[in-house]
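The values are calculated or read from the model by the stated rules, or taken from the named source; none is laboratory data. The structure presented is a predicted model; accordingly, all values stated were derived computationally and were not measured. Neighbour counts run over all protein chains shown; Cβ positions are idealised from the backbone, glycine included.
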Amino acid sequence: MKILVLNGPNLNLIGRREPEIYGTQSLDEFLDIVKKRFPEHQIDTFQSNHEGVLIDKLHEAMDRYDGVVMNPGGYAHTSIALADAVRSIGIPVVEVHISNIYEREPFRHHSYTADAAVKTIVGHGLEGYSEAISFLLSFRA
Ligand code: CA2
């Protein structure tokens with residue numbers, strides 16, 4: 001199975017600031033470990049700080065991947081365009097948030113993109129990415 005792990009704005013900085021919320025490991029370090037946990041599957045990763053680039057990547061994923069694990073970062077709470085892209089591509093998207101967005105500031109409590117995703121995993125730290133991949137593997141099995 002081919003899975004794209006797509007990360008949105010500021011996730012390139014985790015591990016460097018706010019360790020009490022996001023931990024001390026960098027996303028790249030962790031995703032390299034995750035890839036080794038699923039050696040029989042193709043897991044590609046991509047991060048962008050730009051909304052349109054994330055939308056383009058979702059469109060590309062439509063013909064290239066069986067599913068997407070996406071952490072939209074702050075765009076979860078603002079982007080109807082990104083949510084529309086999730087709905088439009090016809091492959092399952094699992095949303096991951098490292099922190100528990102429901103226990104943080106009220107403006108983080110709603111995710112437009114989660115409304116369009118097949119499942120949302122919040123507050124499990126970086127392990128949430130592994131859980132999301134396992135879910136996609138069983139979803140399509
Ligand atoms: O918990 C998550 O995974 C989030 O998607 C992370 C986003 C935040 O806007 C969402 O509400 C929840 C933030 C990404 C990382 O932001 C940093 C902020 C300070 C230092 C390092 C990263």
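Of the residues making up the stretch 1-22, those that are closer than 25 Å to Asp63 by Cα and in a loop (DSSP other than H, G, I, E, B) are Met1, Gly8, Pro9. Of all residues in the stretch 89-128, exactly one satisfies the criterion of being aromatic (Phe, Trp, Tyr) and within 10 Å of the ligand (Cβ to nearest atom), namely Phe107. In the set Tyr75, Tyr129, only one residue is hydroxyl-bearing (Ser, Thr, Tyr), touching a residue at least 12 places away in the same chain (Cβ under 8 Å), assigned to a helix (DSSP H, G or I) and touching a strand residue (DSSP E or B) at 6+ places or on another chain (Cβ under 6 Å); that residue is Tyr129. Screening Glu60 against (1) away from the ligand (no atom under 16 Å from the Cβ); (2) within 22 Å of Leu13 (Cα to Cα); (3) free of Cβ contacts under 8 Å to residues at least 24 places away in the same chain; (4) not β-branched (Val, Ile, Thr) leaves a single unmet condition, (2). Restricting the first member to the stretch 15-33 and to residues that are among the polar types (S, T, N, Q), and the second to residues that are crowded, with 16+ Cβ neighbours inside 10 Å, the beta-carbon pairs closer than 7 Å and six or more apart or on different chains are Thr24/Gly15; Gln25/Gly15; Gln25/Leu126; Ser26/Ile14; Ser26/Gly15.
Taking (1) more than 14 Å from the ligand (Cβ to nearest atom); (2) under 16 Å from Ser130 (Cα atoms) in turn, Val5 satisfies each apart from (1). Of everything in the stretch 1-24 that is at pLDDT 95 or above and polar (S, T, N, Q), the residue that is surrounded by the most Cβ atoms within 10 Å (Cβ to Cβ) is Asn7.
Any residue at all in the stretch 36-57 that's farther than 16 Å from Tyr75 by Cβ, of a type in the set (Lys, Arg) and at pLDDT 95 or above? Yes, the conditions are met somewhere in the stretch 36-57. In the stretch 35-44, the condition of being within 23 Å of Leu136 (Cβ to Cβ) and within 16 Å of the ligand (Cβ to nearest atom) is met by no residue.
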